[in-house]
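First the structure, in the form of structure tokens, and then the observations on it.
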Amino acid sequence: MLEIRGITKQFGGLMALQDVAFMVNRGELVALVGPNGAGKSTLFNIIAGAFPPTRGQIIFNGRDVTGLPSHDLARLGVARTFQQTTLFGEQTALENVLHGRHRHVPARLLAGLLATPSYREEQREVERHALGVLELLGIAAYRDAIAADLPLGIQKLLTVAIALATDPVLLLLDEPAAGLSHDEATRMMNLVASEIRQRCTVVLVEHNMRIVAGWCDRAIVLHFGQKIYDGTPDGLTRDQRVVDAYLGVAELG
Amino acid sequence: MDVYLHLIAQGLAIGLLTGILYVLIALGLTLIYGILHIVNFAHGEIYMLGAMGVFYGYVVLKLPFAMTLVAILVLSLLLGLVVERAFFRSLRGQWLQLVVASVGLSLIIQSLAWVAFGIQEKNVPSFFTGIVSFAGVRLPMERLVAAAVGAVLVALLYLLVYRTKVGLAMRAIEEDEETARMLGINADRVAALACAIGFALAALAGAFVAPIYSLNPGMGLEVILMSFLIIIVGGLGSITGTVLAGLLIGVLQSVGGVLVGAEAAYGLVFVVMIGVLIFRPAGLLGKA
Amino acid sequence: MKRGLLGLVISALVLLPPLGEPYVLHVAIVVLIHVVYAQALYVIMRMGYLSFGHAGYIALGGYTSALLATKLGISPWIGFLAGGIVAALFAWALGTVTLKLRGIYFSLSVFAFAEVVNAVFRAFEVFGGPAGIAAVPRPALFGTQLTTHLQFYYVVLVVSLVSLFFLYRLQWTRFGCTLLALRTRATEALAESIGINAARHKTFAFVVSCFFCGVMGAVHVHYLRFVSPFVFTFFLSTDLLVYVMVGGLGSYWGPMLGTVLLTGLGEQLFAAGYYKSLVYAVVLLVVILALPGGLISPPRIFRRGGREPAVPEAAAATAARER
Amino acid sequence: MRRSPLALAVLVALAVVSVGAPDSAYAQKSFKIAAIVPVSGPAAAFGLGCQRGLELAAEDIGVFTVAGEKYKVEVVTYDTVYAPDKTVAAMNRAVYNDKVKYGVIIGAGVHPPILPIIRETGFLDFAFAAAGKQITNPENPTAFRIMASSDQLYQTYTASIAEKLGAKRIAFLGPNDELGKNDAKAIKAEVEKMKGKGVSFVADEYYERGARDFGPALLRLIAQKPDIIDTDGSPTGSIALIAKQARELGYNGYFVNTTAVLEAKAISDIAGKAGENIIALRIWANPPTKLYTELAERHQKKYGEAAPGTLWETYGAARWLVDTITKAGTFDTKKVADALAGSSYANHPFGPASWGGEKAYGIKRQIVIPIPASILKNGKWEPFDVKSGKFD
């Protein structure tokens, strides 16, 4: 349902991505792997519509979505999280997730100003749904805490909750486990691999091999902007080019 | 036609000579913004104090000019340190509060100045009175000198920022404060220093224009908004951009004034600014 | 509790004036007008935007209505609305191009716009030139011109209460909440990623803000019965900013509090000359330094739980660096 | 959020200072005269002149009797900062709160919004404003202009000055506000009348109030080769810089200025030799009366600086007013206005004064006093004797 066709990205003279292509099937849990500077974040951002590629196409559900602004992509069902744990820091966890419902409820400004019964009912419904998402990720207890005050582990989950609240078809996670303790990471990935992937296809950027091997169906390895591997995680260690790419980087196995 | 060309040439000359004065005032502003991210409304007041300093030191107390300058330099540096410590540091990062705080500061300085200095226009006698005539274009000596001094100050600032350790620290902080702190740079101290230098530049600017203009406590207000325009057009934090924009706006006002009248030129400057912001949001040389 | 208090205040505003001296009414009129200005500015400040040029939109509203009334003899009642609409149109025009800017860049672009507006009004005789437009008529009701302070007070009261109710409700609508998500460039990116069209929301908020400034500007001009390029200047813009910040961005009631207190203070210092701006500035600085969140949000120690001040350092720090 | 104790200390100190700020006193059995004038901001010099003129007048008037009651003049100042809306606020406070019925109000630009209030309440307005018929006209019977109006100045002097200097080309450089635009019209009208004598109006330019660089405007003017540049009511600082910069650009003709607040010393300090040949209307080279000299000395003693030019006319008007009130035996502004308009006054600091303007304004509310003309030579005002034209 997601098809990457010959994506190339140049920053000035620097070739960040070179003719990368692959498919992601419905329900899959795919990892974009690669050492730092391999271009995985760049590719990730291009897919998420943060900026357009220099060349190539992105086909989502048979539709060319190349260079579509991210809010339009979101309407088509593509949600993402950010590497640097971005959330609405000054607001409560629940309010954070409420924003996620934005695309599913009309603004209805006039009704809102008059606070008509139907509008209030609608609002309660939205809150119920948002709360549901928090419960799904087991952080409903923090619903009224100010997001900025939460511990990192919870914040990471909250960012996922915001994205999940949009009922995405495709969920893009940017290093969901980065900065988490071993246990927190495990908890996060278990959620991703079970509850979350039941609801949508997941593509995540990751360079921690433990996570890739432990939870993902498929790994796509980028190296110097080129795809050097596309297959099962356990195949990784047997692939010479991957090993070379990671030589000296003690993240294998 | 020939007359017209001559007018434009003369206008250009005036514009450049005025522009460099703008640059002097705006430089400190852009330096402070670059490091502290403060839009310092009180900057014009420091400029005013510098000019008044010359009046009271050189004219009233009859101190030698050099000594007056040194005094102004020292005092403005100190004032910069105090203000940074007393007002700006406690509000670091809260830009709305900082804007308002600097507005308040400027109001306080200005109203105290009106009370202290009175309403009579002050002035400082010119040292240089001659006129240099060049191909029919007349250049007042004192403005040429002021422009030269301005150029020197700009050069000195360049050296400071690009040739010294302090300058390196400043640029580091401007690039990315967190990293700079991690690298062990004492951001607070650098900020204080930047603030002090910025104030000193403003005060010196005031000191050097004092003989050219007449002085009253309102003179700061008259320049501050123009300075904002300049640093925005030039690109916040960019020294070269500020120099460019200062000269540009000086010329724009002057040549524009000659061609379409001062009235229209006044509006024109703002139109240009909006244009720049639309097509080059980060300013002419700002980092987008 | 709060509702009761509110009801009390409103009924006082409605019932007491007939007992009031004309001067008291004048003060009340001025305060009400400025409260609306401040609340309108608050709409965009809530989403992290600051304007140094709202006076320009107030002037647009005022001039529109004044010109309609004096040149075409159109009723001020229509003029009020027209003023708002014209201001809104210009807000839309500028907003679409400059709202992508953040921090001081946006603030100064609005300032520049306001200066251009004033320069244009001053340059052309059609708009009254530097002398401005005199003899702007007061609105009439059932054939009687509302010339007394009391009569016009009720005009202002009605317009301001309607505006304030709208602005109050606005922040609790989904639209109003969405604006909170656009405060910094980072959160804006997040908002975009969950399907929020940031540009459209920001523009609309700016338009709403300027619409109410335009309407109230028109009312203001019909109160003064005069407008000139020297009425709505840069100083009004900064005053409004000061009112909002002193009151505090923490809640809807902050800007209102700040405006009432500071305009009241100003009235008391009518003869003080330079001391006036001194006292004014001192109050301002003390509040900002002691309570960066404004009067509405006392220091954390006095608060059980409660919210962060509206612009926490982290968020604002990024906002400051925004381009 | 970190706090800054030092800052707070500084501010508290300042706060203490400012609480000691002056406020209007409330004396009983007092006859209040309001000074609705700018006492802060760029125009403060004008306002303080009026305020002090009233204060000195109050001292000299002392106690006076109206209908058997004893009264003392009390001066109440309302700062307008020369802004229309602030002036409306001041007016409301004065009229409705402090129940003041008489006062001096500065500024043509701030008058339009308060004229309705003046008409409604019959407030007796001593208008200190050069520009325009919008103040002095039959609709405002209680508005008296206590200074020479622009029309008056230009009608009185434009022709004769041009004649005396043999000037053929006259240019105008004024502030970009209602005063500048209005006075440009006035002088154009006067120059028109001299077409026959080959005198022509060559150019008009405007500058922003508070501007310190006049280069572009001056370039355009000087390109027209004028013999006289009328600088309108540009205050000391502006006229000095205009002269200085004009000379730098090679202009060596004359300047004419019509403001009362003009410091010979300041001008020559700022402009040096360039300040020569500024012709000032409304400035006395030699004191016209003993009273004038005496007031100048008292002002110097009391306020420690030279008297602002607005002092005299305000002083004279206040004395004249109280005389009239005492004679008329009433405080009713309408009655007083009529009595005042019909009267003349011998003890004005400038000399004998009366009211005129029926022809120009359709009502007798324009003060007619000797109008001086001086020229700046060697840093001093010297009498510039030209026969003054007629105004009525």
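For the subset of segment B:101-150 comprising residues that are of a type in the set (Phe, Trp, Tyr) and more than 8 Å from every other protein chain (Cβ to nearest Cβ), which member is surrounded by the most Cβ atoms within 10 Å (Cβ to Cβ)?
B:Phe117
Is it the case, given these coordinates, that D:Ala274 is closer than 25 Å to D:Gln152 by Cα, in contact with a helix residue (DSSP H, G or I) (Cβ under 9 Å, 6 or more places away or on another chain), among the small types (Gly, Ala, Ser) and not assigned by TED's automatic domain parsing to the domain that holds D:Gly49? No; evaluated as a whole, the condition is false for this residue.
Would you confirm, using the coordinates I've provided, whether C:Ala181 is without any contact (Cβ under 8 Å) to a residue 24 or more places away in the chain and buried (at least 24 other Cβ atoms within 10 Å of the Cβ)? The answer is yes for C:Ala181.
Residues of segment A:103-120 that are over 10 Å from C:Phe175 (Cβ atoms) and of a type outside the set (Lys, Arg): A:His104, A:Val105, A:Pro106, A:Leu110, A:Ala111, A:Leu114, A:Ala115, A:Thr116, A:Pro117, A:Ser118, A:Tyr119.
Residue check: C:Glu188 meets all listed conditions (1) crowded, with 24+ Cβ neighbours inside 10 Å; (2) away from chain D (no Cβ under 14 Å); (3) within 21 Å of C:Ala91 (Cβ to Cβ) but one, namely (1). Which ones in segment B:214-258 are more than 30 Å from B:Tyr56 (Cβ to Cβ), touching a residue at least 40 places away in the same chain (Cβ under 8 Å) and at the interface with chain D (Cβ under 9 Å from one of its Cβ atoms)? Of everything in segment B:214-258, those that are more than 30 Å from B:Tyr56 (Cβ to Cβ), touching a residue at least 40 places away in the same chain (Cβ under 8 Å) and at the interface with chain D (Cβ under 9 Å from one of its Cβ atoms) turn out to be B:Gln253, B:Ser254, B:Val255, B:Gly257, B:Val258.
Here's the yes/no breakdown for (1) part of a loop (DSSP other than H, G, I, E, B); (2) within 24 Å of the chain's Cα centre (by Cα); (3) within 14 Å of chain B (Cβ to nearest Cβ); (4) not β-branched (Val, Ile, Thr):
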{"residue": "D:Asp151", "(1), (2), (3), (4)": "no, yes, no, yes"}
{"residue": "D:Lys164", "(1), (2), (3), (4)": "no, no, no, yes"}
{"residue": "D:Ala167", "(1), (2), (3), (4)": "yes, no, no, yes"}
{"residue": "D:Gly180", "(1), (2), (3), (4)": "no, yes, yes, yes"}
{"residue": "D:Phe201", "(1), (2), (3), (4)": "no, no, no, yes"}
{"residue": "D:Tyr206", "(1), (2), (3), (4)": "no, yes, yes, yes"}
{"residue": "D:Arg212", "(1), (2), (3), (4)": "yes, yes, yes, yes"}
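The residue that is farthest from the other protein chains (Cβ to nearest Cβ), counting only those in segment D:278-288 that are in contact with a Phe, Trp or Tyr (Cβ under 7 Å, 6 or more places away or on another chain) and over 13 Å from D:Lys380 (Cβ atoms), is D:Pro288.
Quick grid of which residues meet (1) surrounded by 23 or more Cβ atoms within 10 Å (Cβ to Cβ); (2) touching a helix residue (DSSP H, G or I) at 6+ places or on another chain (Cβ under 8 Å); (3) free of Cβ contacts under 8 Å to residues at least 60 places away in the same chain:
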site: C:Gly7; (1), (2), (3): no, no, yes
site: C:Phe52; (1), (2), (3): yes, yes, no
site: C:Leu68; (1), (2), (3): no, yes, yes
site: C:Phe80; (1), (2), (3): yes, yes, no
site: C:Trp92; (1), (2), (3): no, yes, no
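With respect to B:Gly237, determine if the residue is within 12 Å of B:Thr30 (Cα to Cα), outside any helix (DSSP H, G or I) and under 18 Å from the mean Cα position of the chain (by Cα). So B:Gly237 fits the description; yes. Of A:Leu170, A:Leu191, A:Leu157, all but one fail to be touching a helix residue (DSSP H, G or I) at 6+ places or on another chain (Cβ under 9 Å) and under 18 Å from A:Leu98 (Cα atoms); the exception is A:Leu157. Does any residue of segment B:61-70 turn out to be out of contact with any His (no Cβ under 9 Å at 6 or more places or on another chain), among the polar types (S, T, N, Q) and within 14 Å of chain D (Cβ to nearest Cβ)? There is no residue in segment B:61-70 that is out of contact with any His (no Cβ under 9 Å at 6 or more places or on another chain), among the polar types (S, T, N, Q) and within 14 Å of chain D (Cβ to nearest Cβ). Do we have C:Phe124 as away from chain A (no Cβ under 14 Å) and surrounded by fewer than 20 Cβ atoms within 10 Å (Cβ to Cβ) here? In short, yes.
Considered as a group, the residues in segment A:46-91 that are part of a helix (DSSP H, G or I) and hydrophobic (A, V, I, L, M, F, W, C) include one that is surrounded by the most Cβ atoms within 10 Å (Cβ to Cβ), and that residue is A:Ala74.
Within the set of pairs 6 or more residues apart or between chains, which connect a residue that is on the phi > 0 side of the Ramachandran plot and within 14 Å of another protein chain (Cβ to nearest Cβ) inside segment A:30-55 to a residue that is assigned to a helix (DSSP H, G or I) and modelled with pLDDT of 85 or more with Cβ atoms less than 6 Å apart? Here the result reads A:Gly49/A:Ser70; A:Gly49/A:Leu73, each pair linking segment A:30-55 to a residue that is assigned to a helix (DSSP H, G or I) and modelled with pLDDT of 85 or more.
Rundown of residues vs (1) assigned by TED's automatic domain parsing to the domain that holds A:Tyr229; (2) under 30 Å from C:Leu170 (Cβ atoms), yes/no style:
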site	(1), (2)
A:Phe22	yes, no
A:Gly27	yes, no
A:Phe44	yes, no
A:Thr54	yes, no
A:Gln57	yes, no
A:Ser70	yes, yes
A:Arg101	no, yes
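Pull up segment D:160-182, narrow it to residues that are closer than 13 Å to D:Ile229 by Cα and among the charged types (D, E, K, R), then point me to the one that is surrounded by the most Cβ atoms within 10 Å (Cβ to Cβ). Of everything passing the filter in segment D:160-182, D:Arg169 is surrounded by the most Cβ atoms within 10 Å (Cβ to Cβ). Taking each residue of segment C:154-178 that is away from chain A (no Cβ under 14 Å) and looking for partners that are part of a helix (DSSP H, G or I) and among the hydroxyl-bearing types (Ser, Thr, Tyr) with beta-carbon atoms closer than 8 Å, six or more apart or interchain, yields C:Val156/C:Tyr223. Filter segment A:88-108 down to the residues that are facing another protein chain (nearest Cβ under 7 Å) and more than 17 Å from A:Glu125 (Cα to Cα), then identify the one that is nearest to the chain's Cα centre (by Cα). That would be A:Phe88.
Scanning segment C:293-317 for residues that are at pLDDT 85 or above and either more than 20 Å from the chain's Cα centre (by Cα) or under 20 Å from B:Gln110 (Cα atoms) (or both) yields a total of 0. The numbered conditions (1) more than 12 Å from every other protein chain (Cβ to nearest Cβ); (2) crowded, with 24+ Cβ neighbours inside 10 Å; (3) not basic (Lys, Arg) are all true for D:Ile267 except (1).
Pairs meeting the criteria (first residue in segment C:260-277 and more than 7 Å from every other protein chain (Cβ to nearest Cβ) and assigned to a helix (DSSP H, G or I), second residue crowded, with 22+ Cβ neighbours inside 10 Å and of a type in the set (Ser, Thr, Tyr), beta carbons under 6 Å, at least 6 apart or on different chains) are C:Leu262/C:Tyr243.
For segment D:222-252, what are the residues that are assigned to a loop (DSSP other than H, G, I, E, B) and within 26 Å of the chain's Cα centre (by Cα)?
Selection gives D:Thr231, D:Asp232, D:Gly233, D:Ser234, D:Pro235.
The set of residues in segment D:82-105 that are facing another protein chain (nearest Cβ under 9 Å), assigned to a loop (DSSP other than H, G, I, E, B) and either of a type in the set (Val, Ile, Thr) or over 22 Å from D:Thr136 (Cβ atoms) (or both) comprises D:Ala83, D:Asp98.
For every residue, the table says whether it meets (1) modelled with pLDDT under 90; (2) over 19 Å from C:Leu190 (Cα atoms); (3) part of a strand (DSSP E or B); (4) within 14 Å of the chain's Cα centre (by Cα).
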{"site": "A:His129", "(1), (2), (3), (4)": "no, yes, no, no"}
{"site": "A:Ala141", "(1), (2), (3), (4)": "no, yes, no, no"}
{"site": "A:Leu157", "(1), (2), (3), (4)": "no, no, no, yes"}
{"site": "A:Ala161", "(1), (2), (3), (4)": "no, no, no, yes"}
{"site": "A:Leu164", "(1), (2), (3), (4)": "no, no, no, yes"}
{"site": "A:Asp167", "(1), (2), (3), (4)": "no, no, no, yes"}
{"site": "A:Met189", "(1), (2), (3), (4)": "no, yes, no, yes"}
{"site": "A:Ser194", "(1), (2), (3), (4)": "yes, yes, no, no"}
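The values are calculated or read from the model by the stated rules, or taken from the named source; none is laboratory data. Please read all numbers here as calculations on a predicted model, not as lab measurements. Every residue, glycine among them, receives a Cβ derived from its backbone with ideal geometry; neighbour counts consider all protein chains shown.
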